[in-house]
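Trainee: Below are the structure tokens for one structure; questions will follow.
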Amino acid sequence: MSDWRLNGQEEYLSNKTLYKITFPAFWETAYKDKNAFFQKIERYA
């Protein structure tokens, strides 16, 4: 299967399990609003 996100990482990712995660709604809200929570975590990211 072809995946556009793989950029030369095929060997490293071979035989690895990938998981799809969804973030809680407050993360999306924080990102959209650039609220205090977002600003605090942005400093440490």
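Trainee: Do the sum for the chain: with -39,500 (n - 2.57) for every DSSP H run of n ≥ 4, divided by all residues, what is the mean residue ellipticity at 222 nm, to the nearest 500 deg cm²/dmol?
Mentor: -12500 deg cm²/dmol
Trainee: Dividing the convex hull volume of the Cα atoms of the chain by its residue count, what figure in Å³ per residue is obtained?
Mentor: 135 Å³
Trainee: If we sort 17-24, 5-12 on the protection proxy, mean other Cβ atoms within 10 Å, highest first, what's the order?
Mentor: Highest mean packing first, the order is 5-12, 17-24.
Trainee: If I model a spin label as a point 7 Å beyond the Cα along the Cα-Cβ vector, how far apart are those points for ILE41 and THR29 in nm?
Mentor: 1.3 nm
Trainee: Related question: Give me the accessible area per residue for the chain, probe 1.4 Å, as a whole number in Å².
Mentor: 109 Å²
The values are calculated or read from the model by the stated rules, or taken from the named source; none is laboratory data. Please read these numbers as outputs of a predicted model, since none were measured by experiment. Cβ: placed from backbone, ideal geometry, glycine included. Neighbour counts: every protein chain shown. All accessible areas refer to the heavy atoms of the entire protein, side chains included, with ligands and DNA or RNA removed. Shrake-Rupley method; radii C 1.70, N 1.55, O 1.52, S 1.80 Å.
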